[in-house]
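Q: First the structure, which I've put down as structure tokens, then a few questions once you've had a look.
The values are calculated or read from the model by the stated rules, or taken from the named source; none is laboratory data. Computed from a prediction, not measured in an experiment: that's the story for all the values here. Virtual Cβ from ideal backbone geometry, glycine too; neighbours counted across all protein chains shown. All accessible areas refer to the heavy atoms of the entire protein, side chains included, with ligands and DNA or RNA removed. Shrake-Rupley method; radii C 1.70, N 1.55, O 1.52, S 1.80 Å.
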Amino acid sequence: MTKEVYAYLSEKMALDSLRGTNKTDIKRVTEDHSCEVHLEVTMYDDCMEPTKDYYLFCDNEGAWGIVLESLAAIGIVVTILLLLAFLFLMRKVQDCSQWNVLPTQFLFLLGVLGLFGLAFAFIIQFNEQTAPVRYFLFGVLFALCFSCLLAHASNLVKLVRGGVSFSWTTILCIAVGVSLLQTIIAIEYVTLMMTRGMMFVHMTPYQLNVDFVVLLVYVLLLMALTFFVSKATFCGPCENWKQHGRLIFVTVLLSIIIWVVWISMLMKGNPQLQRQPQWDDAVICIGLVTNAWVFLLLYIIPELCILYRSCRQDCPPQGNACGVVPVYQHTFRTENQELSRVEVTDPAALIDHSMEEGLNAKAPGPDRQEEEEAEEEEEVDDEEKQNVRLFVDNFLI
């Protein structure tokens, strides 16, 4: 009906504008205008009737695709720039505790880059080719990102308590190993579905959504575990490492909120609004792109700023995780300063001082022995207290 009305109005306007001309000109102009109207109507039909596999962006209802793909394209460019920045700063970091986590953060950025690339798969509608890609990569890429955050948070739990950082290979192996389980689950599911004759296309939209969410249960478990481990980084004497834990905590918290929203919308909102499956791809893609930008804005960019400031300060490697000089180093430096003063003022006194220290070391007096025993007992008590605290923290986690 719309086509006939559009053609009729166009021809009527053309004829009204040609009043007063001869019949030959009217016939020629009418034929030309009819061809033009037919072309416009054909283009209008092609625009309004989408093809089998692709969303056409000229449709007003498909505007979400333009916005999301633009954000995904910008995210890819920003992620590549951040990858280059990390590679540049890795050569300038002197603190081993900071450098050990950089390979894991680089792997995290590769996962975010994959998430932005996966958003382009939602331009194509759900079919036999896109179904395995979506079901496999969505969970694997998110599992990789959250496992990297979990490995970083686990390392921070040691650092905030004054411990020594894991090696970079250990942190990287934790991230890859934890995400490996989701990879195995996704491979088994996709293989099972494809060997049964592509059951994806024979399932109802609700069944597809249920399988999609159930396949992400392990990712939800990783999110919850990372949330509680990052919360444990708030307890400890080393304040300079707690800022990293806060970044992970806020990032995972917002990620949980995003996942609750898009899963609720996918499972409950779309059926109640009678927009299933029309809105299913849009809901999943919005959650995907939003979470990827949260990773960049709340975790990677602040971490890069902290790393840049530490490189600008040109500080030597820290003596321990807290950045505080240990007591034995402070005592050793004080004794060296005293010996330097004695050497400058009186060489004879230096000899007497050395002989006196040697005699004290060989035959310590009763007071010296009592002090050493008391110090040893205090060290043992401190170690026991620290072990108990670590056991309690691990139990609570």
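Yes or no, residue by residue, for (1) crowded, with 20+ Cβ neighbours inside 10 Å; (2) over 15 Å from Ser147 (Cα atoms):
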| residue | (1), (2) |
| --- | --- |
| Thr183 | no, no |
| Val190 | no, yes |
| Met194 | no, yes |
| Val213 | no, yes |
| Gly236 | yes, yes |
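Q: Name the residue, out of Thr251, Thr226, that is assigned to a helix (DSSP H, G or I), more than 30 Å from Leu192 (Cβ to Cβ), of a type outside the set (A, V, I, L, M, F, W, C) and at pLDDT 95 or above. Lay out the reasoning, then the answer.
A: On the way: Thr226 fails: more than 30 Å from Leu192 (Cβ to Cβ).
Being assigned to a helix (DSSP H, G or I), more than 30 Å from Leu192 (Cβ to Cβ), of a type outside the set (A, V, I, L, M, F, W, C) and at pLDDT 95 or above holds for just one of Thr251, Thr226, which is Thr251.
Q: Could you check how many residues of region 263-281 are under 22 Å from Glu69 (Cα atoms), assigned to a helix (DSSP H, G or I) and either open to solvent by 10 Å² or more (accessible area, probe 1.4 Å) or charged (D, E, K, R) (or both)?
A: Adding up the residues that qualify gives 4.
Q: Take Leu107 and tell me if it is assigned to a helix (DSSP H, G or I), at pLDDT 90 or above and crowded, with 16+ Cβ neighbours inside 10 Å.
A: Yes: the conditions hold for Leu107.
Q: Let me ask you something else. Need the failing condition index for Thr51 against (1) assigned to a helix (DSSP H, G or I); (2) β-branched (Val, Ile, Thr); (3) modelled with pLDDT under 85, just the number.
A: (1)
Q: Follow-up. Please determine whether any residue of region 151-160 is under 17 Å from Asn100 (Cβ atoms), open to solvent by 10 Å² or more (accessible area, probe 1.4 Å) and touching a helix residue (DSSP H, G or I) at 6+ places or on another chain (Cβ under 8 Å).
A: First pass over region 151-160, keeping only residues under 17 Å from Asn100 (Cβ atoms): 151-160.
Keeping just the survivors that are open to solvent by 10 Å² or more (accessible area, probe 1.4 Å) gives 154, 157-158.
Remaining after also requiring touching a helix residue (DSSP H, G or I) at 6+ places or on another chain (Cβ under 8 Å): 154, 157.
Yes: one or more hits.
Q: Only residues in region 179-202 that are of a type in the set (A, V, I, L, M) count as the first member; pair them with residues that are surrounded by 15 or more Cβ atoms within 10 Å (Cβ to Cβ) and outside any helix (DSSP H, G or I), Cβ under 8 angstrom, at least 6 apart or cross-chain, and list the lot.
A: Between residues of region 179-202 that are of a type in the set (A, V, I, L, M) and residues that are surrounded by 15 or more Cβ atoms within 10 Å (Cβ to Cβ) and outside any helix (DSSP H, G or I), the close pairs are Ile185/Leu215; Ala186/Leu215.
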